[in-house]
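Following: one structure in structure tokens, then a few remarks.
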Amino acid sequence: YPEDDGMPLRPPASRGQSKSRNSSVTGRMTVDDFEFMEELGQGSYSTVWHCRLLATGQEYAIKRIDKAHLKRHQKEQTALAEKNTLVRLGSGHPGIVRLHWTFQDEWSLFFVLDLARNGELQTRISRMGSLSIECVRYYAAQIVDALGYMHSKGVIHRDLKPENLLLDDAFRIKITDFGTGKLLDSGGEPTKTFVGTAQYVSPELLEHNESSKSSDFWALGCIIYQMIAGRFVFRGLADWQKIKQLEYDFPEGFDEQAQDLVRKLLVRDPDQRLGAGPSGSPYDMKALRSHPFFASINWRNLWSGPAPPLE
Ligand code: ADE
């Protein structure tokens, strides 16, 4: 695990006079710099904790990744990829969880991340059954905006789903879990490894094991459908014939403009998926933002205005 991650090594206010025993000696953060509070969630090889940096009182989410587990499953590259992806994304977008520092001890890797106090969008969808059309519009717009930034930095997420869409204090979206993230080279060529979650998996991933930024837009279509209908558009691999043949329908009363948008996202040809086409084409990011479903969205204050009430 290379130490040089280009991240600041010390907590902001603890240089010199720190209570934090180890970091004042080594110059790096340690678990002793934080108070660990409750557990926020679990991944396959990690646990996320609500933490407080003692020196400043600032709260964070710390992802603790078990080294032995990584090694056993030969996932060292996955952890490294997650970190590199987060470093590349930097602090450049409010809709993406920011990595503040990383450190490690004998057993674990630690990622100090933005805390999203209102948890997973998945929990809200489950609790409410479905979301109001205004809520869906707002969250869909924030996801679109964050995807635009992410893709402009050459990062594809590849496992976009409501479990990875967190809500911050102001109920704004923060995309997390770049463990399956992929850094594209400058050509942006598709990459060949199967990752992702069955319900949100695109036809090209099923058929050719290929994903590109278009796969994130397929997932967006699935997420918009789910937020409105309160159920998955496809149930997963059992539905793979249906995924390939685009066999799905909309429940009664499903917003017409949202239907049109979902139809333009759940398109077989990755190049003709709205948002994924080359700039200047009828499928580019501009065309996606201009879709009638987003007509009432003010893209300029998308991250400063209030969120619609969750209902
Ligand atoms: N669960 C997983 N990651 C989280 C985060 N960054 N904030 C809050 N809850 C989380």
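The values are calculated or read from the model by the stated rules, or taken from the named source; none is laboratory data. These numbers were taken from a predicted model, which means no experiment stands behind them. With ideal geometry, Cβ positions are generated from the backbone for all residues, glycine too; neighbour counts draw on all protein chains shown. Areas reflect the complete protein model, heavy atoms only, side chains present, ligands, DNA and RNA absent. Shrake-Rupley method; radii C 1.70, N 1.55, O 1.52, S 1.80 Å.
Here are a few things to note about the model shown:
- Hits in region 51-101 (condition: touching a Lys or Arg at 6+ places or on another chain (Cβ under 9 Å), among the β-branched types (Val, Ile, Thr) and either away from the ligand (no atom under 13 Å from the Cβ) or part of a loop (DSSP other than H, G, I, E, B) (or both)): THR85, VAL97
- Among the numbered conditions (1) modelled with pLDDT of 90 or more; (2) open to solvent by less than 40 Å² (accessible area, probe 1.4 Å), the only one that ALA198 does not meet is (1).
- Scanning region 108-141 for residues that are open to solvent by 40 Å² or more (accessible area, probe 1.4 Å), more than 16 Å from the ligand (Cβ to nearest atom) and either under 16 Å from the mean Cα position of the chain (by Cα) or modelled with pLDDT of 95 or more (or both) yields ILE133, GLU134.
- Count of residues meeting criterion [closer than 14 Å to ALA140 by Cα, part of a helix (DSSP H, G or I) and not hydrophobic (A, V, I, L, M, F, W, C)] in region 265-281: 0
Let's see how each residue does on (1) assigned to a helix (DSSP H, G or I); (2) open to solvent by less than 80 Å² (accessible area, probe 1.4 Å); (3) over 23 Å from TYR149 (Cβ atoms); (4) in contact (Cβ under 8 Å) with a residue 40 or more places away in the chain:
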position	(1), (2), (3), (4)
LEU205	yes, yes, no, no
ILE228	yes, yes, yes, yes
TYR283	no, yes, no, no
LEU288	yes, yes, no, yes
ALA307	no, yes, no, yes
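- Among the residues of region 230-260, those identified as assigned to a helix (DSSP H, G or I) and open to solvent by less than 30 Å² (accessible area, probe 1.4 Å) are ASP239, ILE243, ALA258, GLN259.
- Unmet criterion (only one of (1) open to solvent by 20 Å² or more (accessible area, probe 1.4 Å); (2) more than 16 Å from the ligand (Cβ to nearest atom); (3) assigned to a strand (DSSP E or B)) for VAL48: (2)
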